[in-house]
Structure formats: structure tokens, C-alpha cells
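Below: the structure, in C-alpha cells.
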Amino acid sequence: MKEKELKIGDIAHLTGISEQDVRTLVQTYDSLFTYRTIGRVRLFPPKAVGIVRELIELSGRGLAPEEIAEEIRSGRKPGAPEGPAEGVGRTGVPLPPEVAIDLGVMRDTLARQERRIARLADDLDRERELRREEAVRLQKTIDRLRERLDGQQEQLAVVAQWVDYFDQQMDEVSRPVLERVRRTVGKRKDPGQPCGRSD
């Protein structure tokens, strides 16, 4: 049965890194990979996934590219467990390669999802903080407008009092004049009453 060949995108999906990172690793460590080319597409055997994972792990240790390539060529597995793990390997039933790959994919996918959830939670917290700050600013603006409105209403009340006062004064000033006019007119009509002043 022929093994399924993988494209760069398949390897990226299975290892949880970007296609660009896979291309960079393949270009940097070209001697470690076997592939065939159809047109512009490279097709890799399934073992390329394991090589990429080893490269990722060894790169995290700060080794030089030559040292990393030597480690992988020598066949030493990075961080291979000792003792008890080998005993389990001898007595346990080995998993088919696709199951092992699926478990790795599930682990990587879960880790990516956890990172994404953490980023979304951080974004949500920042958004809540921004909304809280906006609400505080809005409340302060409303309070300032209320204070202004109260001040204007007080000024209007004072102006209304002054208007009422001036109206009363005008009424007082205009009343005696009307009364004098009425008296004067009334005296001219009644010849028996003495006139206040001669014509």
C-alpha cells in the first residue's frame, strides 16, 4: 500500500505551524527531506511531519542549524524518554502512525485553541475596560451639563424676579398719572367743585 504524500499545507496543518515556517525549514534543512515535485508542488512522505516536529523542538533548544541537522541524521530522538517509557513501548501495542499523527494534531490544535481563547479573553477584558472608561467620561459630561443647566435655571429665575419687580414699579408709576387724569377730567365736568388749577 502506497503512503499518502503530503503537501506543504498538509505538513503545516499536522504540525500546527504556518506554511511559510514549513517552507523555511524545508529550505534551510533541504538535505533532511525527500520529496518529489509535480509542476511547482512538492510532495513529501509522511515522515516529513516527524522531521518538522524534531526541527521545531531542536530549534527551541538554541542549537545551530548544523547541530540540529546532525542530531536528526544521527537518529537520536530529541528529548526521548528513558527507562520506564521504553518498557511501556516493549509491552504495549504500538499505535498506527496515523493515530499518532492524529493525537499530535489534536494536541497542537488544542494548544492553538487555548492560545486563541486566551487572546480573545484579553481582547474582551480590554474592550470592557474601554467601555467602562467611556461610561465614566460620559457620566462626567452629563454631570457638567446638569450643573450648567441648573446654573442657567437659577439665572433665569433671578431675571424673572427682576422683570416682575420692574413690572410692579411701572404699575406704581403709571397708576397715579391715570388717577390724576381721571380727577382732572372729573373736576371739569362738575362746575360746583373747585378746580385744582386755573386754565
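Scanning region 10-57 for residues being of a type in the set (A, V, I, L, M, F, W, C) and under 19 Å from residue 111 (Cα atoms) gives a total of 9. So in region 36-61, with the set limited to residues that are touching a residue at least 24 places away in the same chain (Cβ under 8 Å) and over 37 Å from the mean Cα position of the chain (by Cα), which one is farthest from residue 3 (Cα to Cα)? Across region 36-61, the extreme among qualifying residues is 41.
Determine, yes or no, whether residue 123 is surrounded by 10 or more Cβ atoms within 10 Å (Cβ to Cβ), at pLDDT below 80 and not assigned by TED's automatic domain parsing to the domain that holds residue 8.
No, not satisfied.
Report whether or not residue 136 is part of a helix (DSSP H, G or I), among the β-branched types (Val, Ile, Thr) and at pLDDT 90 or above. Yes, satisfied.
Selection of region 1-33 for residues being within 20 Å of residue 73 (Cα to Cα) and free of Cβ contacts under 8 Å to residues at least 12 places away in the same chain yields 24, 27, 30.
The values are calculated or read from the model by the stated rules, or taken from the named source; none is laboratory data. In this text, all values refer to a predicted model and were calculated from it rather than measured experimentally. We place every Cβ from the backbone using ideal geometry, glycine too, and count neighbours over all the protein chains shown.
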